[in-house]
Each structure stands twice: as structure tokens, then as C-alpha cells.
Amino acid sequence: MDNNNEINRISQPGIIPGPGPRPAGRPVDIPPAGAPSFRSVLDAASATQPAAPANGVEPLKFSAHAMQRLQSRNISLTSDDVSRMNAMADKAAAKGAKNSLFIVRDVAMVVSIKNRTVITAVDSDSMKENVFTNIDSAAII
């Protein structure tokens with residue numbers, strides 16, 4: 001029996017035989033020739049990540065629920081309002097707060113200090129005779 005015929009008969013279609021054994025004393029190429037280096041892959045992945053804030057603290061984000069409440073109640077916040085809220089979240093975190101009620105002008109917002117997320121927002125009309133639960137602090141901004 002011919003060796004080539006035997007190999008063809010045994011091998012399955014689509015399977016490509018690998019390279020032969022590496023000669024003794026020759027180091028393994030890491031990464032394999034032609035593949036990008038780990039450093040270049042890491043640098044490319046790092047370039048696509050957003051930069052960390054200068055002070056190392058994440059800015060407040062708004063949950064989908066809070067965004068829906070802001071839109072449905074026609075509540076608008078200025079960039080100054082959000083900046084002051086971020087500063088107040090920093091103060092609340094320093095004092096050990098977990099969930100805080102922020103009152104900005106005529107809007108009340110429940111903020112998760114730990115997650116740096118505005119959970120919900122209530123305008124002055126909806127605030128009347130409303131009870132806010134699961135908060136451990138309040139801040140008037």
C-alpha cells in the first residue's frame with residue numbers, strides 16, 4: 001500500500017496537518033511569526049477605552065428610569081446643575097452615604113452614591129405629599 005494513499009484515506013477533509021516537530025534548541029516564536037504582539041493588542045484595546053476622569057471619580061450617570069422621568073416631566077438640568085450634583089455626590093461619599101436625596105431647584109432625585117447613578121427624578125408637583133424611602137442622606141443643592 002502506498003503511504004500517500006493511506007494518509008489520504010485516513011485524513012478527514014478540511015483538516016490541515018500542522019508543522020513538523022520543532023528542532024531541538026530552537027525557541028518557540030511568541031507570538032507566532034506574522035501575528036501581532038500582545039503589547040500591540042493591549043495598546044489597541046486601551047486606546048478604545050474611555051479615559052478615566054482626572055480626579056479618578058466617575059461622573060454621575062442617569063438610569064433609564066431617571067431619564068424617562070426627566071423627559072416625561074419636562075425636567076431639564078443645566079451642566080452647572082450636574083456639576084454641582086457631582087460635587088455633592090463626592091461629599092456624600094466622603095461621609096459614608098449610600099443612597100441620597102438630592103434637591104436641585106424644584107427637582108428631587110434619588111442618587112445611588114455607591115454606583116454614582118441617579119435612580120429617579122421627581123418634579124415639584126409630584127413631590128408634594130410624596131415619601132422618599134431607602135435613603136440615608138439628603139442634600140439641598
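Taken together, the values in this text are just the output of simple stated rules run on the coordinates, not laboratory data. Quick caveat: nothing in here was measured; it's all calculated off a predicted structure. Ideal geometry is used to build each Cβ from the backbone, glycine not excepted, and the neighbour counts take in all protein chains shown.
Brief remarks on what is shown
- A simple rule links phi to the HN-Hα coupling: the Karplus curve 6.51 cos²θ - 1.76 cosθ + 1.60 with θ = phi - 60°, which for the stretch 116-128 gives 6, 10, 6, 8, 8, 9, 10, 7, 5, 5, 7, 6, 4 Hz, with x for Gly and Pro.
- Sorted by Cβ neighbour density within 10 Å, fewest at the top, the residues Phe132, Phe102: Phe132, Phe102
- Residue-count net charge about Val107 - beta-carbon cut-off 15 Å; Lys, Arg +1, Asp, Glu -1: 0
- Of the trypsin sites (Lys or Arg not before Pro) in the stretch 67-141, those whose Cβ has at most 15 other Cβ within 10 Å and which sit in DSSP loop: Arg73, Lys95, Lys98, Arg105, Lys114, Lys128
- Fewest-first ranking of Met127, Met109, Met85, using other Cβ atoms within 10 Å as the exposure measure: Met127, Met85, Met109
- Scanning residues 5 or more positions from Phe62 or on other chains, those with amide H under 5 Å from its amide H are Val118, with H placed 1.01 Å from N in the peptide plane.
- Considering only beta bridges that DSSP places wholly inside the stretch 61-140, some 65 percent are antiparallel.
- Sequence of Ser100, Ser37 once ranked by neighbouring C-beta atoms within 10 Å, starting from the fewest: Ser37, Ser100
- Sum of side-chain charges, Arg116 neighbourhood, beta-carbon under 11 Å (Lys, Arg +1; Asp, Glu -1): 0
- Label-to-label distance for Lys128 and Ser83 is 3.4 nm, based on points extended 7 Å past Cα in the beta-carbon direction.
- Long-range HN-HN contacts of Ser137 with modeled amide H, under 5 Å: Asn99, Leu101
- Each other residue within a Cβ distance under 15 Å of Ala92 adds +1 if Lys or Arg and -1 if Asp or Glu, for a net charge of +3.
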